[in-house]
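Only one structure is covered here, and it is reproduced in the block below.
The values are calculated or read from the model by the stated rules, or taken from the named source; none is laboratory data. Just so it is clear, the structure is predicted and the values come from calculations on it, not from any experiment. Quick reminder, even Gly has a Cβ in these numbers, built from the backbone with ideal geometry, and neighbours come from all protein chains shown. What goes into the accessible areas is simple: the full protein's heavy atoms, side chains included, and nothing from ligands, DNA or RNA. Shrake-Rupley method; radii C 1.70, N 1.55, O 1.52, S 1.80 Å.
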Amino acid sequence: MGTRFACVHLSLHFGAERKDFVMKIIMLGAPGAGKGTQAQMIADQYHIPHVSTGDIFRANIKNGTELGMEAKKYMDQGLLVPDELTVKILLDRVAEEDCKEGYLLDGFPRTIPQAEVLDKALTELGDEIDYAINVDVPDENIVKRMSGRRACLSCGSTYHMEHIPPQKEGVCDKCGNELVLRDDDKPETVLNRLEVYHKQTQPLIQFYEEKGVLRTVDGTKPMKEVFDSIVEILEK
């Protein structure tokens, strides 16, 4: 935890021209906007870790770390892990060697108080977030996108009735079992999740805009075009 972060740059070469890119990124966007997919593509492109708070919690608990055991006490009681503890675990993770050229945070912060705790902790370490990438998709697009998903509960294969349909409607191409619309993808569930997002998480857009690090991309475009837009932002 005592590690002091420097502004780390990832050097990329374009012919004789050299550009340095600071790569500490937060992904923002409503559930179903595709930010997780874009996060993984960014991480692969720039060779920086895709850091998920869920993964961090599981790793710390599995390894029996002091912070992990403290978090487990809350989780075992069905309670949310306090923001201060979550940030401690997060900072431990991004202090590791593989984050020396930057990192990408996905799933945290989700609320203004979480963002404020993270911002304060990073400031104390002489560090800061460089980009908050907002993948913007209207609610009606998200409902349509998610309600078109189908999943095979037997082999885990996923489809989309419009974009990646199975060869035979309602039947998994790989194992022949029935495809289902998961509860999480039903329109009423999606609308409930979006309502929570608008109340708790959307205010982060203004928070990071005021800090001058917000960049918004049109998430309704094809996946590759969205990614190209993000790359253009990062490589300016």
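Here the extension length gained between residue 84 and residue 216 equals 44.7 nm, from 0.36 nm per residue of separation less the Cα-Cα distance. Based on Cα contacts under 8 Å between residues 6+ apart, the chain shows a relative contact order of 26 percent.
With every protein chain left in place and a probe of 1.4 Å, what is the accessible surface of residue 210, to the nearest 10 Å²? Using a 1.4 Å probe on the heavy atoms, I get roughly 140 Å².
For the options 104, 118, 181, a Gaussian network treatment of the chain with springs between C-alpha atoms closer than 10 Å singles out 181 as fluctuating the most.
Taking the DSSP beta bridges with both ends in the chain, the antiparallel portion is around 45 percent.
For segment 99-236, the alpha carbon positions stretch 55, 32, 26 Å along the principal axes, listed from largest to smallest. Here each label is just a point 7 Å from Cα along the line to Cβ, and for residue 97 and residue 177 those points are 4.1 nm apart.
Helix 223-234 axis versus longest C-alpha principal axis of the chain: approximately 10°, rounded to the nearest ten. When the Gaussian network model of the chain links Cα atoms closer than 10 Å, the mean-square fluctuations of 52, 157, 147 top out at 157. Annotation: lysines with alpha-carbon distance below 18 angstrom to residue 24 (same-chain offsets under eight excluded): 35, 88, 100, 120, 211, 236.
For segment 89-95, 3J(HN,Hα) computed residue by residue from phi via the Karplus equation (6.51, -1.76, 1.60; θ = phi - 60°) reads 5, 5, 5, 4, 5, 6, 7 Hz, glycine and proline entered as x.
Computed extension gain for residue 40 through residue 184, at 0.36 nm per residue and net of the alpha carbon distance, reaches 49.7 nm. Per residue, the accessible area of the chain comes to 56 Å², computed with a 1.4 Å probe over protein heavy atoms only.
Given the chain, report the % of alpha carbon pairs whose separation exceeds 28 Å.
Pairs farther apart than 28 Å: 40 percent.
Ligands, DNA and RNA left out, the accessible area of the chain computed with a 1.4 Å probe is 48% carbon and sulfur. Multiplying the residue separation of residue 55 and residue 225 by 0.36 nm and subtracting their alpha-carbon distance yields 58.4 nm. For the pair residue 158 and residue 192, a Förster radius of 25 Å applied to the C-beta separation gives a FRET efficiency near 0.70, rounded to the nearest 0.05.
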